Amino acid sequence: MPANLPNTSSSAARRMRGCWPLMLIGLSLTAGWMWLTGYFYYTSVGIDTERENYGSKISTHYRVRWPGNGSIWIGGGRAYGEMDWDKPLQRIDPAGVFFQSPRRPESQNIFNTLGFWRVRTDTQSWIGFPAWLPFLFFGSWAYWEVRHYIRRRARAAKQ
């Protein structure tokens with residue numbers, strides 16, 4: 001490599017190393033915000049797809065949902081219908097519903113009360129877990145990275 005060109009791989013890695021704790025802090029703050037609002041509001045974010053199958057339409061949706069009971073549900077479903085030839089298919093359609101009135105499902109057992117869900121029907125499949133778990137995960141990871149970053153800077157300053 002010529003001497004006048006910057007070493008892009010190491011400089012990019014250095015920038016990423018400095019940016020990584022900030023991204024983790026942002027993720028943990030977002031997870032904390034959704035954890036707190038997840039007790040009072042229904043929010044759903046995902047993607048819808050449509051495709052044609054031998055003259056009929058198959059609509060599929062993939063979602064991350066906060067139903068309003070303090071849990072996060074990840075899953076999706078599929079619906080079959082008649083093909084409307086006048087309207088084009090929407091191959092990929094971003095979808096979202098934000099901060100609506102909660103749609104709290106009825107708890108069936110102790111695991112549902114604790115925030116763990118498994119819902120499976122003919123057309124839908126969902127798995128749920130308490131919304132504080134992503135906050136704890138990303139927050140702990142951010143704490144660990146910031147701690148390492150500060151220690152690394154202190155060690156470099158001593159040398």
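Just checking, how many residues over the stretch 138-159 are touching a residue at least 40 places away in the same chain (Cβ under 8 Å) and either in contact with a His (Cβ under 7 Å, 6 or more places away or on another chain) or of a type outside the set (S, T, Y) (or both)?
Residues that pass the stated criteria total 6.
With respect to W73, determine if the residue is within 13 Å of Q124 (Cβ to Cβ), modelled with pLDDT of 90 or more and of a type outside the set (K, R).
yes
Identify the single condition in (1) at pLDDT below 90; (2) surrounded by 14 or more Cβ atoms within 10 Å (Cβ to Cβ) that G18 does not satisfy, given that it satisfies every other one.
(2)
Would you point out which residue out of G96, G77, G70 is surrounded by 13 or more Cβ atoms within 10 Å (Cβ to Cβ) and closer than 19 Å to G46 by Cβ?
Exactly one of G96, G77, G70 is surrounded by 13 or more Cβ atoms within 10 Å (Cβ to Cβ) and closer than 19 Å to G46 by Cβ, namely G77.
Suppose the filter is hydrophobic (A, V, I, L, M, F, W, C) and assigned by TED's automatic domain parsing to the domain that holds M23; does A79 pass it?
Spelling it out, it is not the case that A79 is hydrophobic (A, V, I, L, M, F, W, C) and assigned by TED's automatic domain parsing to the domain that holds M23.
Is at least one residue of the stretch 27-48 at pLDDT below 90, assigned to a helix (DSSP H, G or I) and of a type in the set (F, W, Y)?
No: zero hits.
Only one of Q108, Q124 is over 11 Å from T43 (Cα atoms) and free of Cβ contacts under 8 Å to residues at least 40 places away in the same chain. Can you tell me which?
Q108
Does D122 qualify as being out of contact with any Asp or Glu (no Cβ under 6 Å at 6 or more places or on another chain), modelled with pLDDT of 90 or more, in a loop (DSSP other than H, G, I, E, B) and surrounded by fewer than 13 Cβ atoms within 10 Å (Cβ to Cβ)?
Yes.
Mind counting the residues in the stretch 78-105 that are over 20 Å from L36 (Cα atoms) and in a loop (DSSP other than H, G, I, E, B)?
Final tally of qualifying residues: 10.
The values are calculated or read from the model by the stated rules, or taken from the named source; none is laboratory data. Quantities reported herein were computed from a predicted structural model and do not represent experimental measurements. Note that each Cβ is placed from the backbone with ideal geometry, even for glycine, and that neighbours are counted across all protein chains shown.
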